[in-house]
Amino acid sequence: MRAYLISNVVAPLTLLALSTHAGAQPASPTSPTPEVLRVTRTADDGEGSLRWAIERNNASPGRFRIEIAPDGPAPHVIKPASALPPIKGPVTIEGAAWKQTGDFLAIDGSGYIDDKGPQTCPGAVAGQFGTNIRTTTLPGLALVDTQGVDISGLEIRNFCIGVLIHRSSGSTIHDNRVVANRGGAGVMLTGDDGSGNSTAATVHNKVLRNEFLDNGDGLELTRGAAFNLVAGNVFRSTGANPEPSQGIEILLGHDNVLIGNRFENYSDGVQINGGNRNFIVGNTFTGNTFGLSLSGAGNVIAGNTIFGNAVGIAVRPSPGMTVARLSRNLIFDNGRAIERCFAGGSCDPNLRKGAIVFGLPGLEQERYVGKRGIGVNPPPASLTRICPDSAPNCQAAPNRGLVAPTIDSVRKSAAQLAVQGRLRATPRSRFTVEVFGNRDKRSSEGETFLGEAAVMTDADGVGTFALTVDAPGAMPASFTATVTSSEGATSEFSAPVALSE
């Protein structure tokens with residue numbers, strides 16, 4: 001069944017995502033070949049410098065291609081003495097050595113950004129600093145109100161934001177290292193209108209095959225960023241990261257696709273705040289407090305491998321209703337004692353851990369135990385309550401509080417397993433039950449996807465299911481199930497049952 005999942009869900013999309021790094025608008029066959037601007041010096045001024053190349057390109061966007069290949073032996077480091085000009089596309093900027101030797105050309109912000117510890121990177125709101133606050137401050141490479149920029153072969157480090165994609169479309173950031181950018185994010189895609197409101201201008205960008213290391217947030221998709229593709233990247237935080245918030249934060253970002261990425265050692269691997277219809281498939285989450293932390297409507301979490309976290313998937317209450325479809329994920333060995341809570345995750349010693357957990361609080365909720373960001377001190381009255389606290393003025397359980405099904409029996413016959421069970425939910429409605437196997441007989445997780453069945457409830461809201469699946473080579477010690485409504489809301493896992501005698 002794992003092979004089925006990969007070949008039928010993940011692989012075609014992964015091949016599509018990773019086989020191209022073209023922008024949203026392919027170049028016209030009649031476009032002239034760009035003239036090459038060669039960056040031959042690591043100095044920050046004069047002909048042959050990166051600043052000179054960007055300025056010349058910006059005078060005539062679409063005319064040039066920038067190749068960075070400084071003279072002399074590697075490694076090469078460019079340390080701008082002040083902010084580089086925002087880049088106007090279309091243009092390709094390439095660290096030339098990467099294709100030949102795998103070496104990255106470094107662009108390092110420490111030449112002009114003073115290290116002031118936690119207060120190095122200011123936010124848009126006075127008194128706020130660091131990660132997970134609204135900001136577009138001190139980026140390394142900035143793409144603002146433009147399109148069609150392609151960046152590769154670079155190590156972008158020690159800025160507040162490594163690459164800022166601000167109200168820009170059709171650009172591709174691929175095959176780079178993005179390191180220790182600890183203010184906004186390693187790469188930030190935002191439609192911020194300048195006053196914190198969303199615009200629909202940051203669309204159809206691609207972030208492919210990059211390594212993100214020890215950034216505060218690895219990547220952000222915020223304030224209207226939509227229809228963007230993030231594929232094949234590694235997001236990793238180590239003990240050297242002073243503020244390991246999210247691998248990816250999606251804040252009011254919609255219809256984005258995250259596929260084939262790896263998320264390690266964050267407060268949240270992926271955090272969705274009010275983002276809708278995002279598609280998260282074929283990723284790996286490990287070592288995080290929350291593998292995924294979800295609010296919003298219509299988000300699909302499918303075919304991911306989620307293990308070794310405190311909580312695999314945290315589904316949070318929200319002002320409307322969080323509705324998340326959780327399908328065919330391989331979830332195991334969670335419940336770890338990880339307390340990382342930098343604007344995500346949780347440092348609550350009484351946190352309910354496990355595979356899928358409803359009702360865990362986020363930053364906007366009174367029950368949250370953790371750090372909301374430096375200088376972020378919301379008025380207590382603005383924090384929301386999770387029911388039953390302050391009922392009726394409280395937020396109800398997410399996914400409509402859908403109750404897990406009950407497996408009554410699992411019997412083996414020849415090379416097959418017969419699974420029978422029941423559920424109670426909305427009367428006269430259609431549901432899908434997914435059945436999983438686990439090596440641990442006590443596990444309420446879903447390590448191996450075994451099969452699914454459609455269930456109709458009667459006038460009393462009762463439904464029964466029976467399905468036959470091929471028995472796996474190694475017989476699971478326990479079996480669990482989830483149920484998903486036709487609306488796309490999924491339950492927590494059922495209690496485990498053993499193979500029936």
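The values are calculated or read from the model by the stated rules, or taken from the named source; none is laboratory data. Small disclaimer: the values here were computed from a predicted structure and weren't measured. Quick reminder, even Gly has a Cβ in these numbers, built from the backbone with ideal geometry, and neighbours come from all protein chains shown. Calculation scope for accessible area: heavy atoms of the full protein, side chains included, ligands and nucleic acids excluded. Shrake-Rupley method; radii C 1.70, N 1.55, O 1.52, S 1.80 Å.
Once the whole set of protein chains is in place, how much accessible area is left on Phe104, using a 1.4 Å probe, in Å² to the nearest 10?
60 Å²
Say R0 is 45 Å: what FRET efficiency, to the nearest 0.05, do Arg63 and Ala381 get from their beta-carbon distance?
FRET efficiency, Arg63 to Ala381: 0.20.
Please list 3J(HN,Hα) in residue order for segment 177-192, calculated via the Karplus relation 6.51 cos²θ - 1.76 cosθ + 1.60 where θ = phi - 60°; whole Hz, with x for glycine and proline.
10, 10, 10, 6, 9, 10, x, x, 5, x, 10, 10, 10, 9, x, 3
Given the options Pro388, Gln147, Gly421, identify the residue whose Cα lies farthest towards the positive end of the charge dipole of the chain (+1 on Cβ of Lys, Arg; -1 on Cβ of Asp, Glu).
Gly421
If I take R0 = 35 Å and measure r between the Cβ atoms of Ser500 and Ser429 in this structure, what FRET efficiency does the formula 1/(1 + (r/R0)^6) give, to the nearest 0.05?
In this case the efficiency is close to 0.75.
Quick one: compute a quarter of the convex hull surface over the Cα atoms of segment 328-420 and quote it in nm².
The number I arrive at for segment 328-420 is 9.0 nm².
Order of 466-477, 242-253 by packing, highest average Cβ count within 10 Å first?
Order by mean packing, descending: 242-253, 466-477.
Please give the FRET efficiency for Val125 paired with Arg400, using the beta carbon to beta carbon distance and R0 = 30 Å, rounded to the nearest 0.05.
Once rounded, the FRET efficiency stands at 0.30.
List the aspartates and glutamates whose Cα lies under 18 Å from the Cα of Lys206, skipping any in the same chain that are fewer than 8 positions away.
Those aspartates and glutamates meeting the cut-off are Glu94, Asp145, Asp150, Glu155, Asp175, Asp217, Glu220, Glu249, Asp255.
Go ahead and estimate [θ] at 222 nm for the chain from helices alone: -39,500 (n - 2.57) per DSSP H run with n ≥ 4, summed, over the residue count, rounded to 500.
About -1500 deg cm²/dmol.
Within 13 Å, Cβ to Cβ, of Trp52, how many net charges do the neighbouring residues add up to if Lys/Arg are +1 and Asp/Glu are -1?
0
Sort segment 163-237 into rounded, prolate or oblate with this rule: let a ≥ b ≥ c be the square roots of the eigenvalues of the Cα gyration tensor; rounded if a/c is under 1.5, and if a/c is not under 1.5, prolate when a/b is larger than b/c, oblate otherwise.
oblate
Of all DSSP beta bridges in the chain, what percent run antiparallel (nearest 5)?
25 percent
Taking N as the number of residues in segment 22-171, what is its Cα Rg relative to 2.2 N^0.38 Å?
Normalised Rg, Cα atoms only: 1.08.
Taking every pair of distinct Cα atoms and averaging 1/r, then inverting, what Kirkwood hydrodynamic radius in Å comes out for segment 214-321?
Here the Kirkwood hydrodynamic radius works out to 13.3 Å.
With a sphere of radius 12 Å drawn around the Cβ of Thr199, what net charge do the other residues whose Cβ falls strictly inside it have (Lys, Arg +1; Asp, Glu -1)?
Counting the neighbours of Thr199, the net charge comes to -1.
Within a Cβ distance under 11 Å of Thr289, other residues only, what is the Lys/Arg minus Asp/Glu net charge?
0
Are there GluC sites (Glu not before Pro) in segment 45-104 that DSSP marks as loop and that have at most 12 other Cβ atoms within 10 Å, and which are they?
Glu47
At a 1.4 Å probe radius, which order do Trp52, Trp98 fall into by accessible area, largest first?
Per-residue accessible area, sorted high to low, gives Trp98, Trp52.
At Arg439 and Asp145, where each label point lies 7 Å from the Cα along Cα→Cβ, what is the point-to-point distance in nanometres?
Here the answer is 5.7 nm between the modelled labels.
Taking 7 Å along the Cα-to-C-beta vector as the label spot, tell me the Ser110-Arg411 distance in nanometres, rounded to one decimal.
Using points 7 Å along Cα→Cβ, the separation is 6.9 nm.
Treating only the Cβ atoms of Lys and Arg (+1) and Asp and Glu (-1) as charged, compute the dipole magnitude of the chain about its Cα centre; round to the nearest 20 debye.
For this selection, approximately 680 debye.
What lysines does Lys412 reach when the alpha-carbon gap must be under 18 Å and sequence neighbours fewer than 8 apart in one chain are set aside?
Within the straight-line cut-off, Lys412 pairs with Lys441.
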